[in-house]
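Student: Take this structure first; my questions come after.
The values are calculated or read from the model by the stated rules, or taken from the named source; none is laboratory data. The shown structure was predicted, so the numbers you read here are calculated from the model rather than taken from an experiment. Glycine gets a Cβ as well: all are built from the backbone with ideal geometry, and neighbour counts include every protein chain shown. Remember, those area values only see protein heavy atoms, side chains included, never the ligands or the DNA or RNA. Shrake-Rupley method; radii C 1.70, N 1.55, O 1.52, S 1.80 Å.
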2 protein chains.
Amino acid sequence: MQQVADHAGVSRATASLIVRGSNLVAERTRKKVLESMKELGYVYDRVAANLRSRNSSTVGLIITEIGNPFFSELLVGVHQELDTKGYTVILGTTFESAEKQDQLLSKMLEYRVGGVIMSPVSGSSPAVIDRLKQWDIPVVLVTKEPANSNSDYVGIDNVLGGKLAVDYLIEKGHRRIAFLGGPSESSARMDRQRGYIRALQQAGLPFDDSLVVTSAATRQGGREALQQVLNQPNPPTAVFCYNDVVAFGVMLGLKEAGLMPGRDLAVVGYDNIEEAAMTSPALTTVMASPILVGTNAANLLHKRIMGNEDHVQRIILKPELVIRESCSM
Amino acid sequence: MQQVADHAGVSRATASLIVRGSNLVAERTRKKVLESMKELGYVYDRVAANLRSRNSSTVGLIITEIGNPFFSELLVGVHQELDTKGYTVILGTTFESAEKQDQLLSKMLEYRVGGVIMSPVSGSSPAVIDRLKQWDIPVVLVTKEPANSNSDYVGIDNVLGGKLAVDYLIEKGHRRIAFLGGPSESSARMDRQRGYIRALQQAGLPFDDSLVVTSAATRQGGREALQQVLNQPNPPTAVFCYNDVVAFGVMLGLKEAGLMPGRDLAVVGYDNIEEAAMTSPALTTVMASPILVGTNAANLLHKRIMGNEDHVQRIILKPELVIRESCSM
DNA sequence: CGCCTGATTTAGATCGATCTAATCTTTGTT
DNA sequence: AACAAAGATTAGATCGATCTAAATCAGGCG
C-alpha cells in the first residue's frame, strides 16, 4: 500500500480511504490511485485490515455432520445468503463430538469471526455458547438448542412436524406406529417424539415404548432400528422416522428382508431432502426446508452483527407434510 | 499477550515462543505463562499471527456447485483431511460462472490463503490460475482442468470410466446407446464422451450424434435431455449419463412417462454418490469416489505448501463399474 | 575467580492495514 | 481582503502477534 501511495503521490491514509470506498476523497485523486493500484497489481490484505478495524467479515458455520443432505442443503442456504452480503464462510464439522465442538469454537475465536451459526452437538450445555458471547461474538443456533439457552434460534416446529406425520398415519388407519432413529439427547428428536405422543393421545391410542428406538441419524442407524422393531412379537404397521436419511435406511432394510415399503410397512420421513422424491417408493415426509433455515439464520446473524437487533429472536418455521407413495396401503 | 506477559513476569517475546510450542523456553517459565493465560482467559489471535509470519493456515476450496452430492462428498474428503493437518477451510461456490470464479480467487488472494483446491469452471483458461501462482500460492485442481494448464491435478480417468460403462451396456446387448447430460465445455464430460465413442468403435457400432445431448448437470437437465432422445423416431435402448444426478433426472422422467428404468431403458450413471444405492431400481454407475479425490487433493496441497514437492503431480484415480439393477433387462 | 559456552530471555522493528486528530486547500461570506 | 466553514489530505500511533539480533543467565573448567 505504501508503494501504491508513493506511485500515486499520495499518503497511505488516502489510499486506505479509497479502498474502503470513502466519499471523503476527491474524484481526481481516486482515479489516480486506482490506476496506480492496477498498474502495480496491488492486492488488498483483508486480514491486516480486519486486524486493525476489529470487524471480521468472516463468519463461522458449525454443523454436526456434513454427509447428511439436510446439512449440506442448510450450508447452501447460509452460504448463498452470506455471500451476497460480503461475508466469507469458514466451515467446521463436529461429527456430534462435544470435544470437537469445543475445538472448533476455539478456532472460531482465534480467527476473530464476526459471528457464528451453529447446530450444537446434542446435549451440549449453553456454557460453550456463552464463551463466544463473552467476546461479543453473535451466535445463531440452528435446528437444535441446548435447554434454556438464551440465544437467537432458527429452527423448525418439530412438535408440529411430528404430529402432522403421525396424524396422517392414524388417519390412514394405522394403530401401531413406531418412532425410529435419531440420537436420544437431541432436542429436535425430543420434540418430534413429543408430537408423536401428542398425536397418539389425541387419537386415544396407547403409547408403547418398545416402539420407540433411538439410533445414529444415519442410514445404518435406520436399518438397525428397524431390525429391533421388526423382531418384536407384535410389530408395527407404520413407522415415523427421525429423518429422511433414517427412513432411507429403513426402506433399505425392508427390501433386504423381502418386504415392500408402503405395502408391508408405511414409512414417513422428516426433512424432505431432495432425494426423498427420487426413492422408490417416493418418500412421504415432513418438509423442513433446510435451505430456508439457512437463509433465515444468515439474515438474522447479519442483523445481529450490524447491531440491528436488540432482543433475542426465535424463528420457528412451520413444517408441512409432503405426501408421496411410501404409505399407500 | 502483553497482559499475559506482564502477569507472568516475562516478555511478549517469551510468551509468543510458548504459544508456538517452541522448545527454546524453560519448562518452569512455560508452566507459569500457561497458567497466566488460563487465568486471564487469553485467546490467541491467529489472524495477527498469520499477518506477521506470512504463512496462512487457511486454504480455499472452490467448487462449482454445492448442491451436487459429488461435490459435497468431495468437500467432506478435503475438509476431513485438512482438518487433521490443522488447516481451516474457507469455501466458495462458483455456480459455473467464470465471473464468480474470478471474484472468489480475488477473495482468496485477499485472505492470503496458504493454498487453493479448486474445480475450475468449464472452459476457464489457465490464466486465472497463474494469477495465484504469481503470488506463490499453490493450487491443486480437481475433477476438471483447463486445456494445457500446468498445475497439480487430482481427477478421475474419465475416458476409462466412460468406456467401462458403455462396454457393459454393449455386453448386455444394447446397440443404440445415448450419452446424456453435462455441460459441453467441461473437460470431464469430453473425456467421458471419448470413452463412450471408443467403446462404440471397438464394438463396431456407429456413432450417431443425435444420441449425444448436453445439458446442465442437474436432475432437471437429465429430464430434459431424456425428452430429446425419447422423441426421436429411433430411440435408444440404453443411456449412459454424465453423472448420477443426471441419471436420477432421467429415471424420474422415465417414471413420469410411465416407463420403467432398467426394463424399458437401461440407465448407467457416473460418480456413485451415496444415493445411487437407494433409488429404485438401484443405479448401476461408475464409482468415482469423490471423497478419495478430496483427500488426495488435500494431501497434495499440503505437501506443496510444505515445499515437499518439486515437479507437477497428476493423480488419476481409476474408476470401477458398480453393477446394480438399472440395466437388468 | 574470570572466561567461555550453551541455554533462556528480551527489546525493538515489523507485517499491512485503519484510526485519530491535526493540517493544508478551497470556497463562500461580508 | 479577512475569516470561517467545508473539503481533502496526512503524520504517527495502533491492532496483536512474530522476527532478528542482542542481552542475560547458569554452569563448567582451568
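Student: Calculate the FRET efficiency for A:Ile323 and B:Ser53 from the Cβ-Cβ distance with a Förster distance of 56 Å, rounded to the nearest 0.05. Present the calculation step by step, with values, prior to reporting the outcome.
Tutor: Values: r = 58 Å, r/R0 = 1.04.
With R0 = 56 Å, the Cβ-Cβ based efficiency is 0.45.
Student: Counting only Cβ atoms, what residue of chain B lies nearest to the axis that sends chain B onto chain A, and how many whole Å off?
Tutor: It is B:Ser280, 1, counting Cβ atoms only.
Student: Find which of B:Thr218, B:Gln2, B:Ala49 sits farthest along the positive direction of the dipole of chain B, computed with +1 on the beta-carbon of Lys and Arg, -1 on that of Asp and Glu, about the Cα centre.
Tutor: B:Gln2
Student: Further, regarding this structure: Leaving ligands, DNA and RNA out of it, rank A:Lys163, A:Lys144, B:Lys303 by accessible area with a 1.4 Å probe, largest first.
Tutor: On the way: A:Lys163 35, A:Lys144 15, B:Lys303 85 Å².
Greatest to least solvent exposure: B:Lys303, A:Lys163, A:Lys144.
Student: Fully extended, how many nm does the chain gain between A:Asn308 and A:Phe207 (0.36 nm per residue separation, minus their Cα-Cα distance)?
Tutor: On the way: separation 101, 0.36 × 101 = 36.36 nm, distance 4.61 nm.
Difference between extended and current length: 31.7 nm.
Student: Okay, moving on. What shape does the range B:158-288 take by its C-alpha gyration tensor, where a ≥ b ≥ c are the square roots of the eigenvalues and a/c under 1.5 counts as rounded, a/b above b/c as prolate, and the rest as oblate? Working shown, then result.
Tutor: On the way: a/c = 1.29, a/b = 1.15, b/c = 1.12.
In terms of gyration-tensor shape, rounded.
Student: I need the peptides B:183-192, B:196-205, B:48-57 ranked by packing, meaning the mean over residues of other C-beta atoms within 10 angstrom, with the highest value on top.
Tutor: Working: B:183-192: 20.3, B:196-205: 16.3, B:48-57: 14.6.
Put in order of decreasing packing, that is B:183-192, B:196-205, B:48-57.
Student: Also, quick follow-up: With the dipole of chain A worked out from charges on the C-beta (+1 for Lys and Arg, -1 for Asp and Glu) around the Cα centre, which of A:Tyr168, A:Phe71, A:Asn23 lies farthest toward the positive end?
Tutor: A:Asn23
Student: In the protein assembly as shown, what percentage of the DSSP-assigned beta bridges are antiparallel, given to the nearest 5? Display every interim value, and only then the final one.
Tutor: Values: 8 of 76 bridges.
Among the beta bridges of the protein assembly as shown, antiparallel pairing accounts for roughly 10 percent.
Student: Using only atoms on other chains, find how many Cβ atoms lie within 10 Å of each Cβ of peptide A:112-120 and report the average. Walk me through the numbers on the way to the answer.
Tutor: Details: counts 5, 1, 0, 0, 0, 0, 0, 0, 0.
Partner-chain Cβ atoms within 10 Å, mean over residues of A:112-120: 1.
Student: For chain B, with the dipole built from +1 on Lys and Arg beta-carbon atoms and -1 on Asp and Glu ones, taken about the Cα centre, which of B:Leu180, B:Asn150, B:Leu301 lies farthest toward the positive end?
Tutor: Checked the options; the winner is B:Leu301.
Student: A further question follows. Label-to-label distances across copies for B:Asp102, with labels 7 Å out along Cα→Cβ, in nm, shortest first?
Tutor: For B:Asp102, the other copies' label points sit at 4.8 nm, shortest first.
Student: In square nanometres and to one decimal, what's the mean projected area of the convex hull around the Cα atoms of the range B:5-117?
Tutor: Values: hull surface 35.2 nm².
So the Cα hull casts an average projection of 8.8 nm².
Student: Can you grab the distance from the C-alpha centre of the range B:33-108 to the C-alpha centre of the range B:142-198, Å, no decimals?
Tutor: Here the answer is 31 Å between Cα centres.
Student: So which of A:Lys85/B:Lys133; A:Lys303/B:Lys32; A:Lys107/B:Lys32; A:Lys100/A:Lys133 end up more than 31 Å apart, counting from Cα to Cα?
Tutor: Those over the limit are A:Lys303/B:Lys32.
Student: Check cross-link reach from B:Lys163 to the lysines: straight Cα distance under 21 Å, and skip same-chain residues fewer than eight apart.
Tutor: B:Lys144, B:Lys172, B:Lys318
Student: Can you compute the modelled spin-label distance between A:Gln228 and B:Met1, with each label point 7 Å from Cα toward Cβ, in nm?
Tutor: 5.1 nm
Student: With only Lys, Arg, Asp and Glu charged, each at its Cβ (+1 for the first two, -1 for the last two), find how big the charge dipole of chain A is about the Cα centre; round to the nearest 20 debye.
Tutor: Numbers: 34 positive and 35 negative charges, 171 e Å.
Using Cβ point charges on Lys, Arg, Asp and Glu, chain A gives about 820 debye.
Student: Any chance you could look up the accessible area of A:Val322 with a 1.4 Å probe, heavy atoms only, rounded to 10 Å²?
Tutor: My reading of the accessible area for A:Val322 is about 30 Å².
Student: Can I ask one more? If a/c stays under 1.5 just call it rounded; otherwise compare a/b with b/c (prolate if a/b is bigger, oblate if not). Do that for the protein assembly as shown, with a ≥ b ≥ c from the square roots of the Cα gyration tensor eigenvalues.
Tutor: Values: a/c = 2.10, a/b = 1.26, b/c = 1.66.
Because a/c hits 1.5 or more and a/b fails to exceed b/c, the protein assembly as shown counts as oblate.
Student: How many Cβ atoms of partner chains, on average, are near each residue of B:76-83 if near means within 10 Å of its Cβ? Display every interim value, and only then the final one.
Tutor: Details: counts 5, 0, 0, 4, 3, 0, 0, 7.
Partner Cβ neighbours, averaged per residue: 2.
Student: Here's a follow-up. Measure nothing but the geometry: give the 0 to 90° angle between the long axis through the Cα atoms of B:98-110 and the longest principal axis through the Cα atoms of chain B, rounded to 10°.
Tutor: Once rounded, the angle reads 20 degrees.
Student: Please give the helix B:158-171 orientation as an angle from the longest Cα principal axis of chain B, in degrees from 0 to 90, rounded to the nearest 10.
Tutor: Helix B:158-171 sits roughly 30 degrees off the main axis of chain B.
Student: Let me know the mean shielding of A:275-282 by other chains, meaning the per-residue number of their Cβ atoms within 10 Å of its Cβ. Spell out each step's value before the answer.
Tutor: Working: counts 7, 0, 3, 12, 4, 8, 1, 3.
Per residue, the average neighbour count from other chains is 5.
Student: Ignoring everything except DSSP H segments at least 4 long, calculate the 222 nm mean residue ellipticity for chain B; use -39,500 (n - 2.57) per segment, divide by total residues, nearest 500.
Tutor: Numbers: 12 runs with 146 residues, N = 329.
Counting only the DSSP helices, I get -14000 deg cm²/dmol.
Student: Could you compute the FRET efficiency for B:Arg12 and B:Asp102, with r as their C-beta to C-beta distance and R0 at 56 Å, rounded to 0.05? Numbers along the way, then the final one.
Tutor: Details: r = 40 Å, r/R0 = 0.72.
The calculated FRET efficiency here is 0.90.
Student: Nothing charged except the Cβ atoms of Lys and Arg (+1) and of Asp and Glu (-1): what's the magnitude of the dipole of the range B:158-288 about its Cα centre? Round to the nearest 20 debye. Can you show the working numbers first?
Tutor: On the way: 12 positive and 13 negative charges, 53 e Å.
In debye, rounded to 20, the range B:158-288 gives about 260.
Student: Can you give the angle from 0 to 90° between the axis of helix B:290-306 and the longest principal axis of chain B, with both taken from C-alpha atoms, to the nearest 10?
Tutor: That helix lies at roughly 40 degrees to the long axis.
Student: Only bridges with both residues in chain B count here: give the DSSP antiparallel percent, nearest 5.
Tutor: On the way: 3 of 37 bridges.
Around 10 percent of the beta bridges assigned by DSSP in chain B are antiparallel ones.
Student: If you don't mind, there's one more thing I want to ask. Explain nothing, just the number: dipole magnitude of the protein assembly as shown about its Cα centre with +1 on each Lys and Arg Cβ and -1 on each Asp and Glu Cβ, in debye rounded to the nearest 20. List each step's numbers first, then the result.
Tutor: Numbers: 68 positive and 70 negative charges, 279 e Å.
Computed charge dipole of the protein assembly as shown: roughly 1340 debye.
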